[in-house]
1. Run the paramagnetic zone check for residue 199: 7 angstrom along Cα to Cβ, then residues of the range 159-189 with backbone nitrogen under 18 Å.
2. Give the residue list of trypsin sites (Lys or Arg not before Pro) in the range 123-167 that are DSSP loop and have at most 11 other beta-carbon atoms within 10 angstrom.
3. Which entry in (i) 1.06; (ii) 1.17; (iii) 1.11 matches Cα Rg over 2.2 N^0.38 Å derived from the coordinates of this structure?
4. Quick check: the angle from helix 2-17's long axis to the longest principal axis of the chain, C-alpha only, nearest 10 degrees?
5. Could you give the dipole magnitude of the range 24-247 about its Cα centre, charging the beta-carbon of Lys and Arg +1 and that of Asp and Glu -1, in debye to the nearest 20?
6. Compute the distance from the alpha-carbon center of the range 203-218 to that of the range 106-156, in whole Å.
7. Once you've got the GNM for the chain with C-alpha springs shorter than 10 Å, pick whichever of 174, 53, 214 has the biggest mean-square fluctuation.
8. Starting from the Kirkwood Rh over alpha-carbon pairs, what translational D in µm² s⁻¹ does the range 97-234 have by Stokes-Einstein at 20 °C and 1.002 mPa s?
Amino acid sequence: MWKMWTALGVLSALLAGCNLSQVCTGPTCPVAHWPLNESPGATTVADTVLNPILNTGLPKPGAVQSFPTLGGPGSVPGHTGGALYFPGNGDSYVEVPSTPDLTPTRFILSAWVAPVQCGAGAYYPVVDKWDPNTGKGYALYLEGVGPGQVRPVVRLNSATFTGTTTFVADYNPIANTGTWTEVRVRVDGTLGAFFVNGNPAGTFTAPTGLGNTIPLWMGAMHQAPSGMYHCEIALDEVRLDEIPPGFSGQ
């Protein structure tokens, strides 16, 4: 009997150590969480949520760099721990291979963002899983609306929606100064909403059927918004959460 219970205890410990995905009872269920704490030299970008797999990212075009060294994304201090800074004109980013769980029917996409000051007409990539060839998917980015001010924008299939709240763009990666802001978009079927630092920042009617097979990018976009120019941004604590059917509309 002692041996049997010992074996069961060992098995339980091994299973616990595997961090198996758990049944989620809501109101939101983690799908992916990229803390972006990678150090210089890292060749992968960790996802901490095993549900049902780890959506591990790859820094492009090469390993994470020690800012201001150019190449892959730059490792910088973040809102929580480390963060990644995306210099250049959009050729530095994180790529996550496409999986079905990255396009849930009802979801919340959030990130802590630190945009530099560029001005009106600039766009700052956050997360992009929008396919230019099919016009399907989603993309979250910031739009410069004036000196030192930006607002959140989401592209869903062929529609684009803009948040009503502006916030500061004053990040300086060299001096490590500036403002971190949490941006969140909730897509609950056709019910869409923006939040900035947890406060409501506009609503919209969302299209459905966002699925595609294109990789998810952080820090760059598969296709730039028409008539806009790229600006640099640091990202931290990027999350994708699913809204279970029983909590839809809440």
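1. The answer is 163-170, 179-186.
2. none
3. (i)
4. 10 degrees
5. Roughly 340 debye for the range 24-247.
6. The two parts, judged by their Cα centres, are 13 Å apart.
7. Sorting by GNM fluctuation, first place goes to 174.
8. Using the Kirkwood radius from Cα pairs, D works out to 143 µm²/s.
Every number here is computed from the coordinates shown, using simple stated rules; none is lab data. Only a predicted model underlies this, so the values are computations on that prediction, with no experimental measurement involved. As a convention, Cβ positions derive from the backbone with ideal geometry for all residues, glycine included, and neighbour counts pool all protein chains shown.
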